[in-house]
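A short worksheet on the structure shown next.
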């Protein structure tokens, strides 16, 4: 009886057979011969079907779309199983609460003290912190109290770079590309309570003709807004207009002493999410009429402070709290559609979303980041101890294959684009339970 071997079958039949196999069977087939390995690796139909049930970390840049589905599934496997290389890319002796942004996986923007640095990346996407593309010394005002002049947060919005400062001021810069030093447009002084409190949050609301700078402080129960015509090219005109108190508006989210911890503008610039100190849910401000979106839930309690907030998609907010919870809030119904807690029940400091299913949070201890899947509530996917020294993770950012986390004395880089056969697995996906004895 004569029969065909597997390699003699038509290509379409081979693909249909391989598409019903599990990952382990495909791996064993790839080990049999080079021809089968090339067929399996280079066929997106096989791996696209496998990827439907996996947590594929998305990337905002175009290089993600150019990746094969085999590569995406391999990197997803490494995220899920804790297979990665980590290293310290920057170390400093001074204790900071740094803030960073891995801008399009091309440059690393890092705020240390009152300085803002821009570092390039190499071919592997690793930030080269020995080489500085540019650095900014943000304008400061000397205060005769215990406050520092450190940058609390910064954001980029199109061509604008805004830095919130602990001395109670905000600096507005214009970006001239990613590799050129930004130019200072204006320095807004004494934002809240005549400069007696720090600015902990800043955002920019951009329309066709105007730009509105929004600031908030955790020690002040109001938002302050400055707007000007951004089509005017005269920098002196912008500076004089924005310092004019007539262009300053105030919106009071809550009565009492509840402050603003964080802000986030939607991608369409029509809504502003407000994370409060002492409230268990963020508020949403309609940027067209500058009124809060109903209903407004008020729960004044210190442990419910919203530490960080981000738009997961156009209708969903992702936020973390002092009590250790990660939640997704549907702003259409004002209902929490996802809730999970840190495995160690630690406070959470920051959150990032890939806009699809992946959520990564930074915790208050052990230099630890935690990955969650928005489709799997009540448990985490994996934990990553980014460095040996224990510290809170004050800020983080990630791409499809990279994770960058900022601790008090160093910046850690985690690379998941590695060969899983050559790297030791660090799997902390188990569910932890607090046992009282």
*Given the conditions (1) at pLDDT below 95; (2) touching a strand residue (DSSP E or B) at 6+ places or on another chain (Cβ under 8 Å), and given that residue 116 satisfies all but one, which numbered condition is not satisfied?*
(1)
*Which one of these is surrounded by fewer than 20 Cβ atoms within 10 Å (Cβ to Cβ), touching a helix residue (DSSP H, G or I) at 6+ places or on another chain (Cβ under 7 Å) and in a loop (DSSP other than H, G, I, E, B): 408, 427?*
427
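If you take the residues of the stretch 256-280 that are on the phi < 0 side of the Ramachandran plot and at pLDDT below 85, which of them is surrounded by the most Cβ atoms within 10 Å (Cβ to Cβ)?
279
Could you say whether any residue in the stretch 308-316 is in contact with a helix residue (DSSP H, G or I) (Cβ under 9 Å, 6 or more places away or on another chain) and free of Cβ contacts under 8 Å to residues at least 40 places away in the same chain?
no
Check the stretch 43-56 and report whether any residue there is in contact with a strand residue (DSSP E or B) (Cβ under 9 Å, 6 or more places away or on another chain), at pLDDT below 90 and crowded, with 16+ Cβ neighbours inside 10 Å. Explain how you work it out, then say what you get.
Restricting attention to the stretch 43-56, the residues satisfying the condition of being in contact with a strand residue (DSSP E or B) (Cβ under 9 Å, 6 or more places away or on another chain) are 55-56.
Those left that are additionally at pLDDT below 90: 55-56.
From what's left, crowded, with 16+ Cβ neighbours inside 10 Å: 55-56.
Yes.
Give me the residue from the stretch 146-167 that is in a loop (DSSP other than H, G, I, E, B) and touching a residue at least 24 places away in the same chain (Cβ under 8 Å) and, out of that set, nearest to residue 310 (Cα to Cα). Give the derivation first.
Initial filter on the stretch 146-167 (in a loop (DSSP other than H, G, I, E, B)): 146-150, 158-159, 166-167.
From what's left, touching a residue at least 24 places away in the same chain (Cβ under 8 Å): 147-150, 158, 166-167.
Details: 147: 27, 148: 26, 149: 26, 150: 23, 158: 17, 166: 22, 167: 25 Å.
Looking at residues that are in a loop (DSSP other than H, G, I, E, B) and touching a residue at least 24 places away in the same chain (Cβ under 8 Å), I get 158.
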*Got a sec? Which of 76, 105 is part of a helix (DSSP H, G or I), over 18 Å from residue 408 (Cα atoms) and under 19 Å from the mean Cα position of the chain (by Cα)?*
76
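One line per residue, one yes/no per condition, for (1) closer than 30 Å to residue 156 by Cα; (2) in the same structural domain as residue 402 (by TED's automatic domain parsing); (3) touching a helix residue (DSSP H, G or I) at 6+ places or on another chain (Cβ under 9 Å):
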position	(1), (2), (3)
22	no, no, yes
28	no, no, no
48	no, no, yes
56	yes, no, yes
70	no, no, yes
91	yes, yes, no
*Filter the stretch 120-145 down to residues that are assigned to a loop (DSSP other than H, G, I, E, B) and surrounded by 13 or more Cβ atoms within 10 Å (Cβ to Cβ), then give me how many there are.*
10
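Okay, residues lined up against (1) assigned by TED's automatic domain parsing to the domain that holds residue 111; (2) touching a strand residue (DSSP E or B) at 6+ places or on another chain (Cβ under 7 Å); (3) farther than 20 Å from residue 101 by Cα:
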| position | (1), (2), (3) |
| --- | --- |
| 304 | yes, yes, yes |
| 307 | yes, yes, no |
| 311 | yes, yes, no |
| 316 | yes, yes, yes |
| 327 | yes, yes, yes |
| 331 | yes, yes, yes |
| 352 | yes, yes, no |
| 365 | yes, no, yes |
| 395 | yes, yes, no |
*Considering only the stretch 179-210, how many residues are surrounded by 15 or more Cβ atoms within 10 Å (Cβ to Cβ) and under 23 Å from the mean Cα position of the chain (by Cα)?*
10
_For the stretch 414-423, which positions are surrounded by fewer than 23 Cβ atoms within 10 Å (Cβ to Cβ) and either touching a helix residue (DSSP H, G or I) at 6+ places or on another chain (Cβ under 7 Å) or touching a residue at least 12 places away in the same chain (Cβ under 8 Å) (or both)?_
414, 415, 417, 418, 420, 423
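The values are calculated or read from the model by the stated rules, or taken from the named source; none is laboratory data. Quick caveat: nothing in here was measured; it's all calculated off a predicted structure. For neighbour counting, all protein chains shown are included, and Cβ atoms are generated from backbone atoms with ideal geometry for every residue, glycine included.
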